[in-house]
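Down below is the structure, laid out as structure tokens.
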Amino acid sequence: MFVPILRRLGLDGSCYEPFSGPAFIGFSLLDAGICNELVVSDINPKAIAYVKLTIKLNGLSNRVRYYISDLLEGIPRDLKFDLVIANPPHFKDLSFCKKYGCDDITILKTLDRGFKMHRTFYHGITGYLKPNGGVVLVENSEGSSPEDFIPMITKSGLRFKGTIKPCSDDAIYALKVLTKNYANAYLINVNVSGFYCLTKSFIFLKLPNMILKHAPIPSIRQYVRNT
């Protein structure tokens, strides 16, 4: 949902995605034309290996740079960005374990104990922003509230501009992207297994808010033609 939200806010330009993992967010913004160049970083070399593979497969070596870095430690100080976007770990304690599990991978992706990483990030990111540059992070309302981060933001010299809540159009956009991705991954050969995976994803999206009433499912034939 970053794409429609950032378009609505009029944010674009040179982008940086810390906490990137395989950089799903950054690459999607690059593809959407929101980012004209992209820098990503993650502490995990395996994640950056997938970033390198994505760059290679899509011929993006002149538009994407990557760093193995613990937060901002390995990022060159002369880099400046119009937009910083990220999906950092969302919980300051282990309260998520009951719902999400407590295996090592889940803890790695979910836990920022005491929001120490957030504090370090906000303390250092100001020096990487161009004039009028902005930061947009996605957080989980189950693990925090804006009040947890506003003091960190203002102490760093940034100005808190508000909390963005996705609207129904954002959800529809995300759903369309999801269906396109499943079409490419599973329906190129029009097999039963692929259709099952696609249908299962719709069922799980439909139950909470009836999102699908706004977005009719195209036929398999349409998917095949689009691929």
Could you say whether any residue in segment 74-82 is within 23 Å of residue 1 (Cα to Cα), assigned by TED's automatic domain parsing to the domain that holds residue 12 and of a type outside the set (Val, Ile, Thr)?
yes
Select from segment 1-26 the residues that are modelled with pLDDT of 95 or more and either more than 24 Å from residue 127 (Cβ to Cβ) or more than 13 Å from the chain's Cα centre (by Cα) (or both) and list them in ascending order.
13, 14
Find the residue count for segment 1-60, including only residues that are surrounded by fewer than 18 Cβ atoms within 10 Å (Cβ to Cβ), more than 20 Å from residue 181 (Cβ to Cβ) and of a type in the set (S, T, N, Q).
3
In segment 150-189, which residue that is modelled with pLDDT under 85 and among the β-branched types (Val, Ile, Thr) is nearest to residue 32 (Cα to Cα)?
177
Contact list, first residue from segment 142-159 and within 21 Å of residue 94 (Cα to Cα) and free of Cβ contacts under 8 Å to residues at least 24 places away in the same chain, second anywhere and surrounded by 12 or more Cβ atoms within 10 Å (Cβ to Cβ) and not β-branched (Val, Ile, Thr), beta-carbon distance below 8 Å, six or more apart or interchain, is 146/160
Do we find a residue being more than 28 Å from residue 64 (Cα to Cα), surrounded by 13 or more Cβ atoms within 10 Å (Cβ to Cβ) and not hydrophobic (A, V, I, L, M, F, W, C) anywhere in segment 159-167?
no
Tell me, yes or no, whether segment 89-100 has at least one residue that is within 16 Å of residue 21 (Cα to Cα) and either under 20 Å from the mean Cα position of the chain (by Cα) or surrounded by fewer than 19 Cβ atoms within 10 Å (Cβ to Cβ) (or both).
yes
For segment 119-132, enumerate the residues that are without any contact (Cβ under 8 Å) to a residue 60 or more places away in the chain and either in a strand (DSSP E or B) or over 21 Å from residue 42 (Cα atoms) (or both).
129, 131, 132
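The values are calculated or read from the model by the stated rules, or taken from the named source; none is laboratory data. Since the structure is predicted, the reported quantities are computational estimates derived from the model, not experimental observations. Here Cβ is always computed from backbone atoms with ideal geometry, including for glycine, and neighbour counts include all displayed protein chains.
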